[in-house]
Amino acid sequence: MGKAELCNFIRSKYPKAFGIRKRLQQLKVQRLRRYMLTADEVLACEKDPAEKKRMVEACCAKWEGPMRPIIEEMEDILKHSTLLRDRSDLDELRTDILYCRLAFGFLPSEYVGFGLEQCSKEERESFVSDIDTFEFGYSVNDITVLQSIVNKGQSAQLFSQYFGRDIFWANAKASYEDFRSFVTKHPRFVKKKTNSAMGKNIEVVEIDKVGKNEREYFDELLTKGSFLLEEIIVQHEEMARYNSSSVNTIRCMTMKTKDNGVVVPFTFMRTGREGSFVDNGGSGGILIGVDEKTGMINTDGYDEYMHHYPEHPDTHVPFCGNQVPAWEEMLEFCKKAAEKVEGMGYLSWDMAYTDKGWVVIEVNGIGQMIGPQTVTKKGNKEKLTKLLAQMEKVI
């Protein structure tokens with residue numbers, strides 16, 4: 001069991017007593033900002049660029065471990081963005097990217113995706129940051145239920161009726177007989193690590209080409225952790241036309257309100273690049289805006305390296321003005337499914353459209369707000385704050 005899986009297991013065993021669980025959840029929220037600047041430090045940095053540079057350098061040294069993945073993400077973006085990598089002022093840009101993480105909680109991908117470089121402090125604060133998203137999620141989602149959704153294996157069991165395909169959870173309790181039955185029916189399948197995200201650790205496997213017999217492959221799989229093996233989804237041609245190698249999905253964000261039931265305030269589409277199996281923005285996919293009421297694509301496409309696409313760069317299918325098929329059916333699907341999940345006010349559904357209708361790719365307990373704000377370049381904090389006022393809080 002890896003570190004992430006162990007943490008999720010421990011969290012899933014939080015005491016059932018509401019008072020204790022509530023306090024643990026409050027502590028979780030408080031810890032989100034432990035590696036951030038104080039309000040006074042932010043004001044000092046805003047007034048003096050030299051102080052901002054000094055403060056960023058000091059925090060990166062003091063919080064070396066927590067800041068390491070942020071710096072790695074930043075350097076990856078600077079390496080792959082044709083708009084940024086050759087700039088002469090990269091040192092100043094690095095300072096500002098890291099400052100936005102320390103001051104407001106933005107990931108480097110959010111900094112680039114939202115266009116924060118040219119924004120004032122007030123404009124930056126109008127966007128929902130990574131830290132803001134988690135604070136919101138922990139305020140409306142019961143942490144004990146959340147842990148069962150974070151783990152892809154448990155989530156697949158919880159939402160199996162919505163997946164529309166065969167799934168085998170390869171874990172310590174799995175039987176070889178069930179595994180053999182699955183691969184006999186599906187000799188070509190998708191393998192996902194249950195504790196990964198953003199399209200990482202996903203691959204297509206052909207059982208006849210793994211270089212070992214089925215028993216050896218099964219035994220080796222269990223030594224490497226916990227995995228989901230899934231029947232391959234065949235998407236409808238209306239969605240495949242954007243890019244046929246990836247399953248192109250809709251992210252549908254549902255929120256339970258007191259007066260209006262489950263609402264869908266944010267949606268967007270994702271499509272992969274030619275030859276890529278996944279469509280996630282964190283894996284090089286393209287994000288495109290979709291009107292949550294009508295299903296009409298209403299923006300150009302953007303990736304997380306600041307590149308802008310009026311049409312798909314490989315297939316040349318235009319984005320803006322196209323209609324996502326069976327939109328009302330998808331909205332009703334997600335609303336009805338969300339209503340049945342106790343203790344979760346906020347869920348994000350990754351949906352694929354097939355010849356048999358909509359199916360769930362996976363469910364996210366606290367889906368990031370990077371997509372809706374990247375495609376519009378507009379902050380959603382005011383809208384999210386109003387929604388929070390209409391929702392039941394768990395802390």
>> Looking at the structure I just gave you, is I250 closer than 30 Å to K393 by Cβ and buried (at least 18 other Cβ atoms within 10 Å of the Cβ)?
In response: yes
>> Quick check on my filter: what residues within segment 177-232 are of a type in the set (S, T, N, Q) and touching a strand residue (DSSP E or B) at 6+ places or on another chain (Cβ under 8 Å)?
In response: T194, S196, N201, S226
>> For segment 79-98, give me each residue that is in contact (Cβ under 8 Å) with a residue 60 or more places away in the chain and either assigned to a helix (DSSP H, G or I) or farther than 24 Å from I131 by Cβ (or both).
In response: H80, T82, L83
>> Restricting to segment 112-125, name every residue that is open to solvent by 10 Å² or more (accessible area, probe 1.4 Å) and either closer than 24 Å to R34 by Cβ or touching a Pro at 6+ places or on another chain (Cβ under 9 Å) (or both).
In response: K121, R124, E125
>> Here are the criteria: (1) part of a helix (DSSP H, G or I); (2) modelled with pLDDT of 95 or more; (3) open to solvent by less than 40 Å² (accessible area, probe 1.4 Å). Tell me which single one Y242 does not satisfy.
In response: (1)
>> Pull out all pairs, ordered by first then second residue, where Cβ-Cβ is under 6 Å, the residues are six or more apart or on different chains, the first lies in segment 117-130 and is within 16 Å of K47 (Cβ to Cβ), and the second is open to solvent by 50 Å² or more (accessible area, probe 1.4 Å) and modelled with pLDDT of 95 or more.
In response: K121/E46
> Mind checking which residues of segment 27-60 are in a helix (DSSP H, G or I), modelled with pLDDT under 95 and exposed (fewer than 15 other Cβ atoms within 10 Å of the Cβ)?
Replying inline: L27, Q30, R31
> Got at least one residue in segment 61-80 being open to solvent by 40 Å² or more (accessible area, probe 1.4 Å) and touching a Ser or Thr at 6+ places or on another chain (Cβ under 8 Å)?
Replying inline: yes
> Does Y138 fit the bill of being closer than 29 Å to I77 by Cβ and open to solvent by 10 Å² or more (accessible area, probe 1.4 Å)?
Replying inline: yes
> Taking segment 196-250, which residues are among the polar types (S, T, N, Q), over 23 Å from V290 (Cβ atoms) and under 22 Å from the mean Cα position of the chain (by Cα)?
Replying inline: S196, N201, S226
> Taking into account only those residues within segment 258-291 that are of a type in the set (S, T, Y) and within 24 Å of P69 (Cβ to Cβ), which is modelled with the lowest pLDDT?
Replying inline: S283
>> For a quick check of your reading of the model, give me the residue pairs whose first member lies in segment 149-174 and is surrounded by 19 or more Cβ atoms within 10 Å (Cβ to Cβ), whose second is of a type in the set (G, A, S) and part of a loop (DSSP other than H, G, I, E, B), with beta-carbon atoms closer than 7 Å and at least 6 apart or on different chains.
In response: I149/G365; V150/G365; G153/S226; A170/S226
>> I'm trying to understand the selection: among the residues of segment 218-239, which are open to solvent by less than 30 Å² (accessible area, probe 1.4 Å) and part of a strand (DSSP E or B)?
In response: F227, L228, L229, E230, Q235
> Which of the residues belonging to segment 140-172 are among the charged types (D, E, K, R) and either at pLDDT 90 or above or more than 19 Å from T223 (Cβ to Cβ) (or both)?
Replying inline: D142, R165, D166
> Name the pairs whose Cβ atoms lie under 7 Å apart, with the first residue in segment 209-225 and more than 12 Å from A174 (Cα to Cα), the second open to solvent by 100 Å² or more (accessible area, probe 1.4 Å) and in a helix (DSSP H, G or I), and 6 or more positions between them or separate chains?
Replying inline: E214/R180
>> Report every pair of residues separated by at least 6 positions or lying on different chains whose Cβ atoms are under 8 Å apart, first residue within segment 44-70 and farther than 19 Å from R34 by Cα and in contact (Cβ under 8 Å) with a residue 40 or more places away in the chain, second part of a helix (DSSP H, G or I) and open to solvent by less than 70 Å² (accessible area, probe 1.4 Å).
In response: E46/K52; E46/K121; K53/T95
>> I'm trying to understand the selection: among the residues of segment 383-395, which are open to solvent by 10 Å² or more (accessible area, probe 1.4 Å) and not hydroxyl-bearing (S, T, Y)?
In response: K383, L384, K386, L387, L388, A389, Q390, E392, K393, V394, I395
> With (1) of a type in the set (A, V, I, L, M, F, W, C); (2) in contact with a Ser or Thr (Cβ under 9 Å, 6 or more places away or on another chain); (3) part of a strand (DSSP E or B); (4) surrounded by fewer than 22 Cβ atoms within 10 Å (Cβ to Cβ) as the list, and F277 as the residue in question, which single condition is left unmet?
Replying inline: (3)
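The values are calculated or read from the model by the stated rules, or taken from the named source; none is laboratory data. Keep in mind that what you see is a predicted model, and the values were worked out from it rather than measured. Neighbour counts run over all protein chains shown; Cβ positions are idealised from the backbone, glycine included. Note: areas computed on protein heavy atoms with side chains; ligands, DNA, RNA excluded. Shrake-Rupley method; radii C 1.70, N 1.55, O 1.52, S 1.80 Å.
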